[in-house]
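Data block below; observations after.
The numbers here are math on the coordinates, done by the rules we state, and not lab data. Since the model is a prediction, treat every value here as computed from it, not as a measurement. Virtual Cβ from ideal backbone geometry, glycine too; neighbours counted across all protein chains shown.
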Amino acid sequence: LAFGRAREFLPSPAALQRPYHLGSPALSLCSLFPKAQIHLALLQNLSHSRMFKKLTKFIVYQMDPCKELVPVESIADNEHFRPLYLLKKKSKPKTVFRSASYYQRTGFTLEDVLLPGEDGKHIESLHQDSSQFTLTKTSADQADGGLSISVDPASVGLQGGASFSKEFSITPQKKSISLESLEALRREREINMDHSFIRQLRKTNISLYLVTETLEASEEAVYKESTKADGGFKTKLYATLCAQRTRENKQSIVIPKGCTLAFRTIPLQIRDGAWDLDYFPAAAVRRQAYVADG
């Protein structure tokens, strides 16, 4: 099995038969090891996803201590968490890395599943913009250590250090939909019960949520991370031998203008074409009653 996995990274016969010479720019590890290039690209995507998740969680922590905003976890799906988008809420066993419930995109907006209005107007006009906030963070951590062992006539010394830094400046802007305008829309337009998404939704127990507020990047921003590690040893046994090594890794991710960073939702209830906004979800009511009862 191990040999089979290793063969994935070996050069293809066609690559080995090409007439390369040492000075040829076409001779590269990527050309000789195409599958290794794919694996490196996947690792880079995972690293960018991790950095984006750390950034959005930091923004929510700074701007919403009550934790009503939900950080977007994937930059690739950020456009599906904008105002008026419909989301599903899924439940999984709670772990260290994921809460008990999380949101999934549906690919549809409220506009997509409503029957046409009499005036033919779209509901994008319900969007409201508010003020912007700039968040800047620059941090650096340094750790050093060493070990020395001496047993005549020999002695060995080890030393090492590591540093981690991150830097970004981003200006989120809040966009929201007023609940009053949604109430007016609810009275004017009904749900299209013949829509394939609605018909399939009725056969499940999946809860549906409407995005009513978002934080998005008002301008392009760059998030940078840098890690540096160095270490060395020194041994003395009739002769002195020393070695030193330093390794540095820098990564960055570009947050495009308009990228959704966090969102707020409200439960959406559908009954025979009519739809309601659930301002007091049952779980929240039970939790508040428990707190009130002490």
_Separation of the LEU115 and ILE270 label points, Cα + 7 Å toward Cβ, nm_ = 1.4
*Name the residues whose placed amide hydrogens come within less than 5 Å of the amide hydrogen of SER218, ignoring near sequence neighbours (fewer than 5 apart) on the same chain.*
THR171, GLN173, GLY258
*Say each of ASN205 and LYS250 gets a label point 7 Å from the Cα, pointing the same way as Cα to Cβ; how far apart are those two points in nm?*
5.3
*Approximate spin-label separation THR138-SER101, in nm, with each point projected 7 Å along Cα-to-Cβ*: 4.2
